[in-house]
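To start, the structure under review is shown below, and the notes come after it.
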Amino acid sequence: MSSAAPSTSPTLERGAAVLSGPVAVCVDRPVLSLDRPFTYELAEELEAGVGSLVQVRFHGKLVRGWVLGATDDLPARMLKVHKRVSPVRFFDERMLELCRWIGERYVAPLASVIGRLYPPRVASEEVSRVSADAVAAGGGAPRRSALTGLLETGPSGFAPLPTALRDDAGASGGSTRSRSLLSDGYVNGPRLLGALRDGSGSFVVRSAPGEEGSLAVECVAAALARGRTAIVLVPEVDPMPGTVRAVLEAFGEDVIRFFGGDKRARYRTWLDIAGGRYRVVVGTRPGVFAPVPNLGLLFVGREHHALHREERSPYFHVRDVAVARAAREGAVAVLASVMPSLEGLATPHVDVEAIGRRWPRVEAVKPGPEGRAPRLLATLREARRAFLYEPIRGYGVARVCRACGEAAACASCGGMLRAEEGAIRCTVCEARGRCAACGAEDFGVARGGAERVEQWARGVATVPVTRLGPSDRPRPPGDEEIVVGGIDAVKDFGALRLDLVGILNADASLRRAGIAARERTLSAWAEVSAWAGPSGRVVLQTNRPNDPAVQALVAGKPDRFARTEKQRLADAGFPVGAPVFRVVGTASLEDEIAALPHRTLLVSALEEQTVCLVALDPGDVAVFGAAIRRLAERGVVTRVEAEPHL
Ligand SMILES: [Zn+2]
Ligand SMILES: [Zn+2]
């Protein structure tokens with residue numbers, strides 16, 4: 001019996017090999033102590049195979065698991081696969097290989113990686129989807145790829161190209177645009193287009209201000225012209241990023257938004273993507289696994305953004321997974337940013353860089369009285385459309401108690417007290433501000449913060465000034481408007497071409513705690529500076545104009561900063577490109593890890609537990625991971641987090 005003659009077998013399964021006999025199963029128990037395959041006997045009539053979701057008996061209970069493939073690892077006693085849970089094949093061998101790589105790289109259980117491949121199931125969607133396909137097949141519609149057949153190469157299963165992209169055979173990256181940004185405006189742009197036409201590889205694209213959306217469109221067009229599909233990934237989708245908007249406008253119904261919606265809609269979307277219904281997928285982190293057939297491009301927008309890192313197991317980073325997946329599928333990975341991250345630059349890649357200077361003029365000036373440089377005030381007076389970036393919230397910080405004269409501190413926790421929205425609250429525990437010494441609520445406040453900036457900007461500007469607080473909806477400044485905002489206001493608004501971008505409190509930002517704080521600060525500065533556009537002006541207030549981060553912003557490129565920062569991180573024991581893990585376990589954990597190959601080991605205690613922060617040489621991760629799994633089986637390791645924010 002084969003899968004070709006199904007009476008009840010759904011179309012979704014057509015083309016997928018049916019296995020029988022001993023198979024390796026990944027049980028859905030995502031813990032490192034059980035992170036190995038278990039062998040079960042699979043009956044042919046279950047019509048299951050690689051990627052099938054099945055039910056098996058495990059430690060006496062019925063649990064779910066995924067079939068990984070045939071195995072010759074035969075236990076003395078072999079249980080049967082109890083049943084097939086779904087007709088869908090959730091991965092094929094190539095995707096499984098990527099999952100295994102993720103499990104190894106991030107020391108994560110394979111079950112937790114596979115659990116991220118697809119959104120939560122809604123079984124009724126599988127049924128309606130299957131009957132819809134059966135109807136389509138009966139009507140002689142084009143053959144739709146089965147989930148496991150979806151990596152069959154060739155665009156034969158696709159409907160015709162949309163008008164916008166037809167008739168451009170042989171043209172580079174879409175003949176509908178009169179001018180190609182990549183061909184004419186970027187060093188190595190033609191090389192990237194060439195790879196999209198008939199090659200593969202990783203590219204770091206240093207986008208000129210406001211051009212990321214157009215670059216994404218050009219890359220996608222080139223991939224589609226080759227008969228391939230594309231995935232465009234962004235760190236966040238609300239408000240809708242300029243890059244997503246550009247891709248939607250250019251490719252219309254060929255694009256599916258793989259984000260938002262309810263559980264049912266999300267799962268339906270995933271099934272549709274797997275069914276080869278769309279050529280272009282736009283999404284956030286989960287999109288990196290979108291099961292498109294015949295992948296040609298993985299485009300990662302705002303590559304420097306912290307939200308590209310998954311905050312739960314398996315703690316993967318979209319950048320690394322995109323590069324790894326593209327390499328496995330012969331596709332192109334594009335990491336795009338106005339200011340590429342150190343990790344991005346450390347990935348083997350080809351640099352694609354804007355030709356000529358298209359970065360705004362950045363002036364570093366001394367802050368002046370109360371953080372108001374005369375230069376900034378003069379420019380602000382003339383600005384019609386501007387953004388003032390003030391990373392600190394509120395109106396100021398309470399310095400002294402007016403009743404007793406003691407230094408101001410929270411009566412509940414000793415934390416710093418901040419004046420914000422007309423009240424004084426603790427920045428740590430959020431309690432109402434009362435003096436720790438005498439309980440009074442009257443403080444002398446040192447002014448500074450976004451509310452104070454709003455106040456003085458109103459006195460200077462000739463157009464209306466608006467402040468966007470953390471709970472306000474981020475939006476770009478209107479035509480005649482100055483907006484004051486912090487990091488919550490920094491989104492992808494596409495090309496803005498503001499007259500002025502002011503960057504306040506730069507020195508405080510650079511002094512923030514955390515090994516990566518300086519790089520995160522530079523990323524935010526670069527994003528807001530890019531809003532000024534090539535003819536706009538950026539004024540940054542600092543007492544340290546020679547700081548490499550400030551110089552990187554002035555130059556519009558991170559290279560010198562990257563060199564000094566790399567040295568600093570290496571000195572701190574966490575070199576760029578070195579995998580880092582936070583491992584939690586029992587008292588013996590420290591000795592166990594100290595005995596493994598490592599670069600840096602910092603140990604601390606958290607309640608009854610030992611916490612080890614470990615940096616490794618990339619070549620040692622596999623050995624480290626195997627040892628950690630053994631320690632998890634012995635109960636020494638209770639938790640592993642990869643690439644924690646430092
Ligand atoms: Zn407090
Ligand atoms: Zn007091």
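What follows is calculated from the coordinates using simple rules that are stated; it is not laboratory data. All values derive from a computational prediction rather than experimental measurement. Every residue, glycine among them, receives a Cβ derived from its backbone with ideal geometry; neighbour counts consider all protein chains shown.
Using every Cα-Cα pair within the chain, state what percent have a distance larger than 51 Å. Result: 17 percent of Cα pairs exceed 51 Å. For the chain, the antiparallel share of DSSP beta bridges with both residues in that region comes to about 50%. Could you point to the residue in Ala632, Ala549, Leu569 farthest towards the positive end of region 507-646's charge dipole, with +1 and -1 charges on the Cβ of Lys/Arg and Asp/Glu respectively? Sorting the options by dipole projection puts first Ala549. Highest mean first, the peptides 541-551, 574-584 sorted by other C-beta atoms within 10 Å per residue fall in the order 574-584, 541-551. When Rg and the Kirkwood Rh are both derived from Cα coordinates, the Rg/Rh ratio for region 7-102 amounts to 0.94. Cβ crowding within 10 Å ranks Val463, Val280, Val204 as Val463, Val204, Val280, fewest other Cβ atoms first. Helix 621-633 and the longest principal axis of the Cα set of the chain meet at an angle near 80°.
Decide, for region 253-310, between rounded, prolate and oblate: order the square roots of the alpha carbon gyration tensor eigenvalues as a ≥ b ≥ c, take rounded if a/c falls under 1.5, and otherwise choose prolate if a/b is larger than b/c, else oblate. Here region 253-310 falls in the oblate category.
Determine the relative contact order of the chain: mean sequence separation of Cα pairs under 8 Å and six or more apart, normalised by residue count, in whole percent.
Answer for the chain is 12 percent.
The peptide list 464-471, 90-97, 56-63, put in order of mean Cβ contacts within 10 Å with the highest first, becomes 90-97, 464-471, 56-63.
In plain terms, the residue of Val127, Val217, Val18 with the fewest other Cβ atoms within 10 Å comes first and the most crowded comes last, giving Val127, Val18, Val217. Using the Cα coordinates of region 473-595, the gyration tensor eigenvalues translate into equivalent-ellipsoid semi-axes of 36, 17, 12 Å, sorted from longest to shortest. In a simple Cβ point-charge model (Lys, Arg +1; Asp, Glu -1; nothing else charged), the chain has a dipole of about 660 debye relative to its Cα centre. Its residue count N fixes a reference of 2.2 N^0.38 Å for region 529-646, and the Cα radius of gyration divided by that reference is 1.47. Ordering Phe316, Val463, Phe38 by the projection of their Cα atoms onto the charge dipole of the chain, which places +1 on the Cβ of Lys and Arg and -1 on the Cβ of Asp and Glu, puts Val463 at the extreme positive end.
Which loop trypsin sites (Lys or Arg not before Pro) in region 274-379, with loop taken from DSSP, have no more than 10 other Cβ atoms within 10 angstrom of their Cβ?
Here the trypsin sites (Lys or Arg not before Pro) that fit, given the DSSP loop and packing criteria, are Arg312.
Based on the reciprocal of the average 1/r between different C-alpha atoms, the Kirkwood radius for region 399-505 equals 15.8 Å. Here region 453-530 is treated with +1 on each Lys and Arg Cβ and -1 on each Asp and Glu Cβ, and its dipole about the Cα centre works out to around 300 debye.
The shape of region 88-129 can be summarised by an equivalent ellipsoid whose semi-axes, obtained from the alpha carbon gyration tensor, come to 24, 11, 5 Å from longest to shortest. D by Stokes-Einstein for region 199-242, Kirkwood Rh over Cα pairs, 20 °C, 1.002 mPa s: 179 µm²/s. Close amide-amide hydrogen proximity is noted between Phe58 and Val63, each under 5 Å apart and 5 or more residues distant or on a separate chain (H modeled in the peptide plane; Pro and chain starts excluded). Straight-line cross-link partners of Lys80 among the aspartates and glutamates, defined as a Cα under 19 Å from its Cα and at least 8 positions apart when in the same chain: Asp28, Glu41, Glu44, Glu45, Glu47, Asp72. For the chain, the longest principal axis of the Cα atoms and the long axis of helix 93-105 meet at an angle of about 40 degrees.
Residue order for Trp101, Trp270, Trp359, fewest other beta carbons within 10 angstrom first, comes to Trp101, Trp359, Trp270.
Working from the alpha-carbon coordinates of region 291-372, get Rg over Rh, Rh being the Kirkwood radius. Ratio value, two decimals: 1.14. Between helix 450-460 and the chain there is an angle of about 50 degrees, using the helix long axis and the longest principal axis of the Cα atoms.
Each Lys and Arg contributes +1 and each Asp and Glu -1, all at the Cβ; summed about the Cα centre of region 349-457, the dipole is approximately 380 debye. Dipole orientation for the chain: of the candidates Gly69, Gly448, Val255, Gly448 has the Cα lying most toward the positive pole (charges on Cβ; Lys, Arg +1; Asp, Glu -1).
Students often check this: by mean Cβ neighbours within 10 Å, which of 498-504, 552-558, 380-386 ranks highest, and how do the rest follow?
Those peptides, ordered most packed to least, come out 498-504, 552-558, 380-386.
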